[in-house]
Amino acid sequence: MIASIDTSLIDWSRAQFALTAMYHWLFVPLTLGLGVIQAIMETIYYKTGNEFWKKTAQFWMKLFGINFAIGVATGLILEFEFGTNWSNYSWFVGDIFGAPLAIEGILAFFMEATFIAVMFFGWDKVSKRFHLASTWLTIIGATLSALWILIANAWMQHPAGMQFNPDTVRNEMFDFWAVALSPVAINKFFHTVLSGWVVGAVFVIGISSWYLLKNRDKQFSLESIKVGAIFGLVASILIIWTGDGSAYQVAQKQPMKLAAMEGLYEGGNGMGLVAIGMLNPDKTSYKDNENPFIFDLKFPKLLSFLAERKADAYVPGIVNLIEGGYTTNKGTTALSAAEKIEKGQIAIQALADYRKAVKDKDQVAAKQARTLLDDNFAYFGYGYIKDPADLVPHVGLTFYSFRVMVILGGYFILLFIIALIWSKKDKFADARWLQWASLWTIPLAYIAGQAGWIVAEVGRQPWAIQDILPTSASVSKLATSSVQTTFFLFLLLFTVLLIAEIGIMVKAIKKGPSVK
Amino acid sequence: MDSTYILLQHYWWFLVSLLGALLVFLLFVQGGQSLLFTIGKTELQQKMLLNSTGRKWEFTFTTLVTFGGAFFASFPLFYSTSFGGAYWVWMLILACFVLQAVSYEYQSKKGNLLGKKTYQVFLLLNGILGPILLGTAVGTFFNGAEFIVNKGQLTDVAMPVISTWANPWHGLEAAFVFWNVCLGLAVFFLARIQALLYFINNIDDAEITVRCRKHLVIETALFLVFFLTFLVHLLFADGFAVNPETKEVFMQPYKYFTNLIEMPAVTVILLVGVVGVLYGIIRTILPGTWKKGIWYCGTGTVLTVLALLLCAGWNNTAYYPSIADLQSSLTIENSCSSPFTLKVMSYVSILVPFVLAYIFYAWRALDLRKINEKEMESDKGHTY
């Protein structure tokens, strides 16, 4: 990403936020996945009284603790960066966006913070039952935290339940449940949390496989693999369902993102889904006549089916979305980008006129301006767009990231199935190829997660809030050099801490669980 | 304005102030870190100190995050203006809290790249800079900051940012205002006092207890110098008042003193708080084995800070005054969320007592057995 950015304030602010978010997402998935796995193991200990499961759970908790600390650190920065680097955004939508963050703090963070202390330090201080409850409440707290921040993120992708107030110059919430229960939010929550579960399962199977490769801690490893494989398989199958739901929501709410995900420039009826393909690097604009692909292999009609649930449905491409004129799935004629930009400019001017009229106490003019603003507010953000080409996200990054995520998702299912079967047939301990494959799958699970977020976030550019506010109008007014300084400061800090985390993790893994 | 809306604004200023007050109490964790090498003379003693505050650092951290989240939800214009404007102050605060988050867990682990001492120095830095910077930042609630807010700016497509900072220092200039730093140092020494009281309560070690009691006298003297200087200045200073009719912000002589006179309940909270702090300290200093000072001093801290923050925002006062453009000053009325959002958030806040109850229960369960050398030397369980 760094290679493609220039030195402008907006790009550096985006880069800093992306840096923090990507580092944060290196640690959170393992917290979400490993947290559930260790809770399952402690539950088995609670039910059976078998010390083996206590030691097993404690070992995974040790790794959980190492990972958890740095996730908390990056999360803190992320929350405050909404204010430090996106101050205009914070006012324009803070009335809606701030609420999930506050609820996250009150309901989720405190639960997590309180019970994680009991989980780590309470083994000999509280009852078995209270300790087990604390372990579950820790991961429930972490998952609730994910819920609220993902509700906030989903709202940015599909703003709902709010209206613009020209007197306060911001959007204001009028329907909390429309924000909290939007289909985009629900799909995003389950899809993201399940991806964390997959990372946790892959991590447990991979580390356990390393012990088998080293011929040590055999029982610990085989039992951990069983739990990991079942858990991972359930999660990865559910991910197909939530992934389909997420893609459908993208098609409905963010058609430009879908077009970028597919490298689809010219839409049409009965469109196919690109299974594999290589984009043509000579295609630099939606306006040139270059072929988008050097080669591509498609599943016929599948894109139309996934996007509209009809095999022959119309799916717009990038050119169609820019030029408009096609019939939307609601039966209306789509506006062109130029028309939307014009409406956005009208809305912004109407807001200026409204404020002047109110100041001048001219009620008639204020009413007229207000009507004009309301009529055009759906396109408010387009008023800040200078060139229709700015509405097209980075196609290459979005297209390839989507494929990396999906292909790896399919591979994880296969791995979990094989791991489970080999485990059931007591063949895992001897299958060195499978042990190596499992070990090397650990980085792939992280890559899949990062790729997913790149699709979600790069694919929605240039919007901070879909159609309402572009990133260019969301930013804080700072010297670019200030943001560059903090960018490199955080890059250095996060990288050093990541290396330290990996170093500690490797040492702890090498030391092993010492379970007999 | 709708009276329910006014009530909600005051209610949310109260909640944000309460979170701020709880945060100052929980800064005992930072205070403890700053005393790591002063009180802990041997490696084992340092380990006991680290494990004492280390089991509570998450609460301080979470309260800071929730304080930020609650401010965002209830007074988004503050979030937008202060965080986006006083960029360097907030970035410094964030950076030193990031160091804390990893240092407890990493400092004693093998393979930690930087070595044990480095992480302990990180904790020391967080312990010193965290309270001072937070206190200095809060000082601007009374002494003002240099920003301009113009909501109409959103219609300027070329430069639509509504909140701008009026100098290139982006918050660093607050550190050159004596009264801000005075409050920062008062918070710092208070955090150290609370840490000493917490160690006395939480660690079962005669040597540490004696050393803590001894240091308590020095820290208390320094705290009183800075706190009383700030308090006396505040009571005599001109304050940033708001005309309830015209909404115009103006300078009013003795504004904060007037606030205390006009809000007797807040004055009572302040007095009870100060008495609580002093009682907790003095009774601990007096000869004997009394170890409950932290609870009196902690409760007193919460009440004192709560009263000061209520004084900053209630009774027609601008809680985040602008000295660059007086009319840009933020009040609980012009910076708050919509009535709907405040109402929704108020329903959520009903759960706060439940949250406090389970924190109390879990805290008590863990602290029933005091930290001692035996526990630290045992390889059973998780220690830092």
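The values are calculated or read from the model by the stated rules, or taken from the named source; none is laboratory data. Remember, predicted model here, so these are calculated numbers, not experimental data. Cβ sites come from the backbone with ideal geometry, for glycine too, and all protein chains shown count toward neighbours.
What residue, of B:137, B:101, is part of a helix (DSSP H, G or I), surrounded by 21 or more Cβ atoms within 10 Å (Cβ to Cβ), at pLDDT below 95 and within 13 Å of another protein chain (Cβ to nearest Cβ)? Spell out how you get there, then give the answer.
On the way: B:137 fails: at pLDDT below 95.
Going through B:137, B:101 in turn, just one is part of a helix (DSSP H, G or I), surrounded by 21 or more Cβ atoms within 10 Å (Cβ to Cβ), at pLDDT below 95 and within 13 Å of another protein chain (Cβ to nearest Cβ): B:101.
Give the range B:80-91 a look and list any residue that's at the interface with chain A (Cβ under 8 Å from one of its Cβ atoms) and either of a type in the set (S, T, N, Q) or within 15 Å of the chain's Cα centre (by Cα) (or both), or say none.
We begin by selecting, within the range B:80-91, every residue at the interface with chain A (Cβ under 8 Å from one of its Cβ atoms); these are B:80-85, B:87-88, B:90-91.
Passing the criteria: B:80, B:81, B:82, B:90.
For the range B:65-79, which residues satisfy the criterion of being buried (at least 24 other Cβ atoms within 10 Å of the Cβ) and more than 7 Å from chain A (Cβ to nearest Cβ)?
B:71, B:74, B:75, B:78 - these are the residues of the range B:65-79 that are buried (at least 24 other Cβ atoms within 10 Å of the Cβ) and more than 7 Å from chain A (Cβ to nearest Cβ).
Counting only residues that are modelled with pLDDT of 95 or more and within 14 Å of another protein chain (Cβ to nearest Cβ), give me the helices (runs of 4 or more DSSP H) lying completely in the range B:276-384 with at least 2 of them. Show your work before the answer.
Working: elements: B:293-313, B:339-349, B:352-367, B:373-377.
The qualifying helices (runs of 4 or more DSSP H) are B:339-349.
Scan the range A:118-137 for residues that are within 10 Å of another protein chain (Cβ to nearest Cβ), over 34 Å from the mean Cα position of the chain (by Cα) and in a helix (DSSP H, G or I) and report the count.
0
Restricting to the range A:87-117, name every residue that is closer than 15 Å to residue B:359 by Cα and within 7 Å of chain B (Cβ to nearest Cβ). Working first, answer last.
Keep residues of the range A:87-117 that are closer than 15 Å to residue B:359 by Cα, which gives A:105-117.
Within the range A:87-117, A:105, A:106, A:107, A:109, A:110, A:113, A:114, A:115, A:116, A:117 qualify.
Hey, does the range B:29-49 have a residue that's more than 16 Å from the chain's Cα centre (by Cα), in contact (Cβ under 8 Å) with a residue 24 or more places away in the chain and within 10 Å of another protein chain (Cβ to nearest Cβ)?
No - not one qualifying residue is present in the range B:29-49.
Output the residues belonging to the range A:36-65 that are within 14 Å of another protein chain (Cβ to nearest Cβ) and among the basic types (Lys, Arg).
Within the range A:36-65, A:54, A:55, A:62 meet the criteria.
Could you list all residues from the range A:349-392 that are within 30 Å of residue A:284 (Cβ to Cβ) and either within 12 Å of chain B (Cβ to nearest Cβ) or without any contact (Cβ under 8 Å) to a residue 40 or more places away in the chain (or both)?
Filtering the range A:349-392 down to residues within 30 Å of residue A:284 (Cβ to Cβ) leaves A:379-392.
Matches in the range A:349-392: A:380, A:381, A:382, A:383, A:384, A:385, A:386, A:387.
Being of a type in the set (Gly, Ala, Ser) and surrounded by 19 or more Cβ atoms within 10 Å (Cβ to Cβ) is the filter; apply it to the range B:112-131 and report the residue that is farthest from the other protein chains (Cβ to nearest Cβ). Step through it out loud before you land on a result.
First, pick out the residues of the range B:112-131 that are of a type in the set (Gly, Ala, Ser): B:115, B:127, B:130.
Within this subset, residues satisfying the condition of being surrounded by 19 or more Cβ atoms within 10 Å (Cβ to Cβ) are B:127, B:130.
On the way: B:127: 16, B:130: 12 Å.
Taking the candidates together, the pick is B:127.
Taking the conditions exactly as written (in a helix (DSSP H, G or I), of a type in the set (A, V, I, L, M, F, W, C), within 11 Å of another protein chain (Cβ to nearest Cβ) and in contact with a Pro (Cβ under 6 Å, 6 or more places away or on another chain)), does residue B:94 satisfy them or not? Outline the logic, then answer.
Working: in a helix (DSSP H, G or I): yes; of a type in the set (A, V, I, L, M, F, W, C): yes; within 11 Å of another protein chain (Cβ to nearest Cβ): yes; in contact with a Pro (Cβ under 6 Å, 6 or more places away or on another chain): no.
In short, no.
In the set A:430, A:375, A:390, which member is of a type in the set (Asp, Glu) and closer than 30 Å to residue B:81 by Cβ? It would help to see each step written out before you state the result.
Numbers: A:430 fails: closer than 30 Å to residue B:81 by Cβ; A:375 fails: closer than 30 Å to residue B:81 by Cβ.
Going through A:430, A:375, A:390 in turn, just one is of a type in the set (Asp, Glu) and closer than 30 Å to residue B:81 by Cβ: A:390.
Give the number of residues within the range A:493-504 that are within 8 Å of chain B (Cβ to nearest Cβ) and over 11 Å from residue B:113 (Cβ atoms). Spell out how you get there, then give the answer.
We begin by selecting, within the range A:493-504, every residue within 8 Å of chain B (Cβ to nearest Cβ); these are A:493, A:496-497, A:499-501, A:503-504.
From what is left, the residues that are over 11 Å from residue B:113 (Cβ atoms) are A:493.
The number of residues fulfilling the criteria is 1.
Tell me, yes or no, whether the range B:80-89 has at least one residue that is surrounded by fewer than 24 Cβ atoms within 10 Å (Cβ to Cβ) and part of a helix (DSSP H, G or I). It would help to see each step written out before you state the result.
Step one: of the range B:80-89, the residues surrounded by fewer than 24 Cβ atoms within 10 Å (Cβ to Cβ) are B:88.
Add one more test, that the residue is part of a helix (DSSP H, G or I), and what stays is B:88.
Taking every residue of the range B:80-89 in turn, at least one turns out to be surrounded by fewer than 24 Cβ atoms within 10 Å (Cβ to Cβ) and part of a helix (DSSP H, G or I).
In this structure, does residue B:333 turn out to be in contact (Cβ under 8 Å) with a residue 12 or more places away in the chain and over 29 Å from residue B:150 (Cβ atoms)? First the steps, then the outcome.
Numbers: in contact (Cβ under 8 Å) with a residue 12 or more places away in the chain: yes; over 29 Å from residue B:150 (Cβ atoms): no.
No, not satisfied.
Listed here are the residues, each with its yes/no results for (1) crowded, with 22+ Cβ neighbours inside 10 Å; (2) within 14 Å of chain B (Cβ to nearest Cβ); (3) charged (D, E, K, R).
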residue	(1), (2), (3)
A:419	yes, no, no
A:428	yes, no, no
A:434	no, no, no
A:442	no, no, no
A:448	yes, no, no
A:465	yes, yes, no
A:484	no, yes, no
A:490	no, yes, no
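What residue, of B:368, B:326, is closer than 22 Å to residue B:237 by Cβ and surrounded by fewer than 19 Cβ atoms within 10 Å (Cβ to Cβ)?
Working: B:368 fails: closer than 22 Å to residue B:237 by Cβ.
Selected residue: B:326, the only one of B:368, B:326 that is closer than 22 Å to residue B:237 by Cβ and surrounded by fewer than 19 Cβ atoms within 10 Å (Cβ to Cβ).
What number of residues within the range A:297-318 are surrounded by 13 or more Cβ atoms within 10 Å (Cβ to Cβ), under 27 Å from the mean Cα position of the chain (by Cα) and not hydroxyl-bearing (Ser, Thr, Tyr)? Give the derivation first.
Step one: filter the range A:297-318 for residues surrounded by 13 or more Cβ atoms within 10 Å (Cβ to Cβ), giving A:298, A:301-308, A:310-311, A:313-318.
After this cut, where a residue has to be under 27 Å from the mean Cα position of the chain (by Cα) as well, the list is A:298, A:302-308, A:315-318.
In the following step, the residues that additionally are not hydroxyl-bearing (Ser, Thr, Tyr) were identified as A:298, A:302-303, A:305-308, A:315-318.
Adding up the residues that qualify gives 11.
Since residue A:418 meets every condition but one in (1) within 30 Å of residue B:157 (Cα to Cα); (2) part of a helix (DSSP H, G or I), which condition does it not meet?
Just one mismatch for residue A:418, condition (1).
Tell me, please, whether a residue that is out of contact with any strand residue (DSSP E or B) (no Cβ under 8 Å at 6 or more places or on another chain), farther than 20 Å from residue B:23 by Cα, polar (S, T, N, Q) and surrounded by fewer than 24 Cβ atoms within 10 Å (Cβ to Cβ) can be found in the range A:110-128. Please lay out each step first, then the result.
Of the range A:110-128, the ones out of contact with any strand residue (DSSP E or B) (no Cβ under 8 Å at 6 or more places or on another chain) are A:110-128.
Next, only the ones that are farther than 20 Å from residue B:23 by Cα stay: A:118-128.
Keeping just the survivors that are polar (S, T, N, Q) gives A:127.
Okay, now just the ones that are also surrounded by fewer than 24 Cβ atoms within 10 Å (Cβ to Cβ), so A:127.
Looking through the range A:110-128, at least one residue is out of contact with any strand residue (DSSP E or B) (no Cβ under 8 Å at 6 or more places or on another chain), farther than 20 Å from residue B:23 by Cα, polar (S, T, N, Q) and surrounded by fewer than 24 Cβ atoms within 10 Å (Cβ to Cβ).
Could you look through the range B:140-160, keep only residues that are touching a Gly at 6+ places or on another chain (Cβ under 8 Å) and within 11 Å of chain A (Cβ to nearest Cβ), and pick out the one that is surrounded by the fewest Cβ atoms within 10 Å (Cβ to Cβ)?
The qualifying residue surrounded by the fewest Cβ atoms within 10 Å (Cβ to Cβ) is B:157.
Is it true that some residue in the range A:143-157 is at the interface with another protein chain (Cβ under 8 Å from one of its Cβ atoms) and either within 21 Å of residue B:12 (Cα to Cα) or buried (at least 24 other Cβ atoms within 10 Å of the Cβ) (or both)? Steps first, answer last, please.
In the first step, residues of the range A:143-157 are kept if they are at the interface with another protein chain (Cβ under 8 Å from one of its Cβ atoms); the result is none.
Checking the range A:143-157: not a single residue is at the interface with another protein chain (Cβ under 8 Å from one of its Cβ atoms) and either within 21 Å of residue B:12 (Cα to Cα) or buried (at least 24 other Cβ atoms within 10 Å of the Cβ) (or both).
Which ones in the range B:191-201 are crowded, with 24+ Cβ neighbours inside 10 Å and within 18 Å of residue B:292 (Cβ to Cβ)?
Step one: filter the range B:191-201 for residues crowded, with 24+ Cβ neighbours inside 10 Å, giving B:191-199.
Scanning the range B:191-201 gives B:193, B:194, B:195, B:196, B:197, B:198, B:199.
Of the residues B:14, B:75, which single one is at pLDDT 95 or above and touching a Cys at 6+ places or on another chain (Cβ under 9 Å)?
Values: B:14 fails: touching a Cys at 6+ places or on another chain (Cβ under 9 Å).
Every option except B:75 fails the conditions.
In the range B:227-265, how many residues are under 24 Å from residue B:189 (Cα atoms) and assigned to a helix (DSSP H, G or I)? Explain how you work it out, then say what you get.
If we filter the range B:227-265 for residues that are under 24 Å from residue B:189 (Cα atoms), which is where we start, we get B:227-237, B:256.
Now drop any that are not assigned to a helix (DSSP H, G or I), which leaves B:227-236, B:256.
Residues in the range B:227-265 being under 24 Å from residue B:189 (Cα atoms) and assigned to a helix (DSSP H, G or I): 11 in total.
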